[in-house]
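A short write-up of the structure that comes next.
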Amino acid sequence: MTELHVGIVLERSGPFSLEELCTSCGLPREWVIELVEHGILEPEGRHPEVWLFTGAEMGRSRRAMRLQRDLQLNTEALSLALELLDEVHYLRRRVKDLETLLGR
């Protein structure tokens, strides 16, 4: 028998308030505010009460949570690790595009 799973791809939806982001990801409010203060997350809005996060930022906050939990990184190291992971993802995508262009 085949099982059917229904869900929403959160990284392609949004926007999410600070409270919705924290609840969905199980993150402390203060930690998310710290991520914003260090430029790791960039919500729309000037104050936490009106911040709106994209689905992509929800995914980034989850990656940040896993990195900090698994590697016990401070905020500065976490920011650098995420930046490097973004660069690796970009370069892999470029290689794939070039392979497609060259017919490989």
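Quick grid of which residues meet (1) among the charged types (D, E, K, R); (2) at pLDDT 95 or above; (3) in contact with a Gly (Cβ under 9 Å, 6 or more places away or on another chain):
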site	(1), (2), (3)
Arg60	yes, no, no
Arg63	yes, no, no
Glu76	yes, no, no
Leu84	no, yes, no
Glu87	yes, yes, no
Tyr90	no, yes, no
Arg94	yes, yes, no
Asp97	yes, no, no
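Any idea which of Thr54, Thr75 is among the β-branched types (Val, Ile, Thr) and farther than 15 Å from Pro15 by Cβ?
Details: Thr54 fails: farther than 15 Å from Pro15 by Cβ.
Exactly one residue qualifies, and that residue is Thr75.
What are the pairs with Cβ atoms under 9 angstrom where one residue, in region 50-76, is on the phi > 0 side of the Ramachandran plot and aromatic (Phe, Trp, Tyr) and the other, located anywhere, is in a helix (DSSP H, G or I) and surrounded by 14 or more Cβ atoms within 10 Å (Cβ to Cβ)? Sequence gap at least six, or different chains.
none
Anything in region 27-51 that is among the β-branched types (Val, Ile, Thr), within 12 Å of the chain's Cα centre (by Cα) and over 16 Å from Pro15 (Cα atoms)? List them, or say none.
Ile40
Looking at (1) touching a residue at least 12 places away in the same chain (Cβ under 8 Å); (2) surrounded by fewer than 15 Cβ atoms within 10 Å (Cβ to Cβ), which is the one condition that is false for Leu91?
Status for Leu91: all satisfied but (1).
So Leu91 clears everything in (1) touching a Leu at 6+ places or on another chain (Cβ under 9 Å); (2) in a helix (DSSP H, G or I) except one condition, right? Which one?
(1)
The values are calculated or read from the model by the stated rules, or taken from the named source; none is laboratory data. This one's a predicted model, so the numbers in the text were calculated from it and none came from an experiment. Methodologically, a virtual Cβ is constructed for each residue, glycine included, from the backbone with ideal geometry; neighbour enumeration extends over all protein chains shown.
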